[in-house]
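A quick write-up on the structure given underneath.
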Amino acid sequence: MPKLSSYDAVVVGAGPNGLAAAVVLAQAGRSVLLIEANERIGGGARTTELTLPGYRHDVCSAIHPMAAASPLFQTLPLGDFGLEWIAPPAPLAHPLDDGTAAMLEASLEATATAFDGDAAVYRKLFGPLVRDHARLLPGLLGPLRIPEHPLLLARFGMWAFRSASSVADALFKTGHARALFAGCAAHSFLPFDRAASAAIGLVLMLVAHVRNWPFPRGGADAIIRALGAYLEHLGGEVETGRAIHSIDELPRARATLFDLTPGQLIQICGDRLPGGYRRRLAQYRYGPGIFKLDWALDGPIPWRAESCARAGTVHLGGSFEEIAAAESAIWRGIHPEKPYVLVAQHSLFDDARAPLGKHTGWAYCHVPHASAQDMTAAIEAQVERFAPGFRDRILARHRMSTRELQSYNHNYVGGDITGGVTDLGQLFARPVARLVPYATPAKGIYICSSSTPPGAGVHGMCGYFAARAALRREFSQRLPKLGARDTPKAQH
Ligand SMILES: Cc1cc2nc3c(=O)[nH]c(=O)nc-3n(C[C@H](O)[C@H](O)[C@H](O)COP(=O)(O)OP(=O)(O)OC[C@H]3O[C@@H](n4cnc5c(N)ncnc54)[C@H](O)[C@@H]3O)c2cc1C
């Protein structure tokens with residue numbers, strides 16, 4: 001039960017963005033109540049023994065380049081509340097059928113050099129972006145606004161707003177560079193001929209050279225435990241196990257922020273939102289879903305390309321063309337026989353994940369929206385293709401279909417884990433095109449989930465910008481800009 005009958009602000013949904021919003025409001029001296037449907041806070045960043053006792057699996061998010069690069073998280077004392085980053089020796093490996101692997105190394109130079117024929121173009125593309133990352137990244141991780149560094153942003157935008165296919169064709173000749181880029185671009189969930197399908201891949205590759213692709217020791221929930229403990233330290237209140245169905249169930253507040261999708265916002269707020277705005281929210285588009293597997297393993301994944309064992313993340317799917325075809329298929333409602341698969345192998349670098357000598361594996365593939373198909377065999381065949389003998393190491397597995405994901409967290413509509421399609425139409429204009437996308441036209445009602453800019457990922461920036469808007473509009477309180485403070489790289 002909440003302690004008070006009214007608060008300055010109530011936040012519904014304790015995912016990374018809801019927690020970030022609550023923290024920013026509490027830091028500004030506001031009384032805050034955060035309400036979560038689940039028995040545990042965390043949303044898409046929880047860790048649980050899904051398979052066997054002693055094996056800790058990340059239920060949703062697993063690898064956290066965007067958390068490490070988050071301008072908000074860098075200003076919070078999360079280390080004091082138990083968060084410890086692990087940076088694997090290499091952020092990413094992308095094995096190919098010839099037994100080699102393209103590697104995304106933390107070092108730009110090492111990555112470029114290995115690309116041989118594409119070394120010069122790789123240096124030319126990423127060199128200036130890496131050099132200016134402290135000014136560039138804050139501009140990318142937020143809503144559309146007048147850029148502070150227009151030339152820098154233009155240099156990035158010139159490639160980012162193009163399709164993944166056109167960027168690959170214009171820049172890369174080698175199979176290794178093209179395949180590596182394909183695996184990164186596929187994080188957008190977009191067909192590779194769609195405008196802006198290059199954007200997310202370029203951001204992820206840039207962040208790899210700046211902060212690696214780290215993960216928290218012990219599990220993704222370490223980020224959440226740190227955020228939750230800091231919130232309570234600031235005097236914020238948290239209530240779990242309470243699903244909200246109507247805004248009338250909430251205590252009085254000057255600002256109410258929803259870490260939910262537009263669909264839930266319509267249901268919960270009803271006619272408190274003007275009809276025109278509700279109709280625009282109802283047109284919001286959700287994208288393809290995922291099918292997820294977690295494994296308890298008898299040993300490490302036996303990659304044919306040994307360098308894969310240096311990477312925290314491994315992208316499976318073969319060549320650029322093969323991944324492009326698989327990503328295009330899911331938009332046509334087809335389940336690819338050889339899907340693009342993302343694998344995370346934390347236990348190679350984090351002994352808190354599995355019993356001594358044993359390992360965990362985390363993987364998912366993309367599937368059509370609301371797919372009911374079991375992709376276990378297809379995912380495991382892709383791992384076996386690049387790691388013969390893998391199946392013999394499986395001790396237990398846990399699966400999650402699009403339906404199970406949506407019932408686990410109502411924000412995953414049809415298994416869409418990105419909070420809605422991130423094509424050009426919805427990249428910045430999410431959930432609808434408005435000057436301040438976080439503020440609804442109804443006084444005091446805000447949306448702060450990944451269905452707002454800058455979109456999916458554990459970075460808290462949607463929550464930060466929503467809280468900032470609420471403080472300005474409801475409390476006439478202006479926050480100073482987040483400094484582009486440069487913290488040390490994540491340590492291994
Ligand atoms: C399988 C999977 C893998 C992923 N991998 C990564 C990754 O490796 N790296 C990465 O950065 N991101 C990853 N993501 C994406 C990331 O988890 C999300 O983008 C992020 O969690 C979005 O945060 P959020 O706060 O907007 O929403 P959520 O995390 O979805 O949180 C919303 C919260 O609201 C609660 N809620 C919902 N309805 C109600 C209600 N009616 N009343 C009260 N509470 C409610 C939910 O229980 C939930 O706790 C992954 C997601 C999934 C599912």
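The values are calculated or read from the model by the stated rules, or taken from the named source; none is laboratory data. Note that the coordinates shown come from a computational prediction; the quantities given were computed from them, not determined experimentally. Note that each Cβ is placed from the backbone with ideal geometry, even for glycine, and that neighbours are counted across all protein chains shown. Each accessible area value is taken on the protein alone, full model and side chains, heavy atoms only, with ligands, DNA and RNA left out. Shrake-Rupley method; radii C 1.70, N 1.55, O 1.52, S 1.80 Å.
Quick check on the chain: helices-only [θ] at 222 nm, where DSSP H runs of length 4 and up contribute -39,500 (n - 2.57) each and the sum goes over total residues. Nearest 500, please.
Working: 17 runs with 166 residues, N = 492.
Roughly -10000 deg cm²/dmol at 222 nm, from the helical runs in the chain.
As an exercise, take the mean of 1/r over every pair of distinct alpha carbons in the stretch 157-231, invert it, and state the Kirkwood radius in angstroms.
Numbers: mean 1/r = 0.0723 Å⁻¹.
Evaluated on the stretch 157-231, it is 13.8 Å.
Greater than 28 Å separation of Cα atoms is the criterion. Which listed pairs, LYS3/LYS481; LYS173/LYS338; LYS173/LYS292; LYS3/LYS443, meet it? Numbers along the way, then the final one.
On the way: LYS3/LYS481 32 Å; LYS173/LYS338 24 Å; LYS173/LYS292 33 Å; LYS3/LYS443 24 Å.
Over 28 Å apart, Cα to Cα: LYS3/LYS481; LYS173/LYS292.
When you count, for each residue, the other Cβ atoms within 10 Å and take the mean per peptide, how do 15-21, 204-210 rank with the highest first?
Details: 15-21: 31.7, 204-210: 22.7.
The densest-packed peptide leads the list: 15-21, 204-210.
Rg and Dmax in Å for the chain, alpha carbons only: what are they?
Reported Rg and Dmax, both Å: 21.4, 66.
Give me, ordered by chain and number, the residues 5 or more places off GLY218 or on other chains with an amide H under 5 Å from its own placed amide H.
Excluding prolines and chain starts, which carry no amide H, the hits are ALA352.
If contacts are Cα pairs under 8 angstrom and at least 6 residues apart, what is the relative contact order of the stretch 1-105 in percent? Walk me through the numbers on the way to the answer.
Working: 102 pairs, mean separation 16.5, N = 105.
Result for the stretch 1-105 is 16 percent.
How large, in percent, is the carbon and sulfur part of the accessible surface of the stretch 407-457 at a probe radius of 1.4 Å? Please report the intermediate quantities before stating the final value.
Values: 960 of 1520 Å².
Here it works out to 63 percent.
Which net charge results for the neighbourhood of ARG468, defined as the other residues with beta-carbon distances under 10 angstrom from its beta-carbon, given Lys and Arg at +1 and Asp and Glu at -1?
My count for the surroundings of ARG468 gives +4.
In whole Hz, what ³J(HN,Hα) sequence does the stretch 44-52 give by Karplus (6.51, -1.76, 1.60; θ = phi - 60°), x for Gly and Pro?
x, 9, 10, 10, 8, 7, 7, 10, 10
What distance in nm separates the simple spin-label points at ALA119 and PHE475, each placed 7 Å from Cα in the Cβ direction?
Rounded to a tenth, the inter-label distance reads 5.4 nm.
For GLU105, enumerate residues with amide H under 5 Å from its amide H, sequence gap 5+ or separate chain, H modeled in the peptide plane.
THR111
With both partners inside the chain, how many of the DSSP beta bridges are antiparallel, as a percent to the nearest 5? Let's see the in-between values first.
Working: 32 of 51 bridges.
That works out to approximately 65 percent antiparallel.
Just to make sure I understand: if all protein chains stay in place, what is the order of MET461, MET158 by accessible area at 1.4 Å, largest first?
Details: MET461 5, MET158 105 Å².
From most exposed to least exposed: MET158, MET461.
Once you sort the root eigenvalues of the Cα gyration tensor of the stretch 304-352 as a ≥ b ≥ c, which label holds: rounded (a/c under 1.5), prolate (a/b larger than b/c) or oblate (the other case)?
On the way: a/c = 4.07, a/b = 2.21, b/c = 1.84.
Taking the square roots of the gyration eigenvalues as a ≥ b ≥ c, the stretch 304-352 is prolate.
Hey, what did the stretch 180-299 get for relative contact order, percent, Cα under 8 Å, at least 6 apart? Working shown, then result.
On the way: 55 pairs, mean separation 17.6, N = 120.
Relative contact order comes out at 15 percent.
Starting from the Kirkwood radius over alpha-carbon pairs of the stretch 95-239, derive D by Stokes-Einstein at 37 °C in a medium of 0.692 mPa s and give it in µm² s⁻¹.
On the way: Rh = 17.0 Å.
Translational diffusion coefficient: 193 µm²/s.
Over the C-alpha atoms of the stretch 18-154, what are the Rg and the largest Cα-to-Cα span, Dmax, in Å?
19.7, 59
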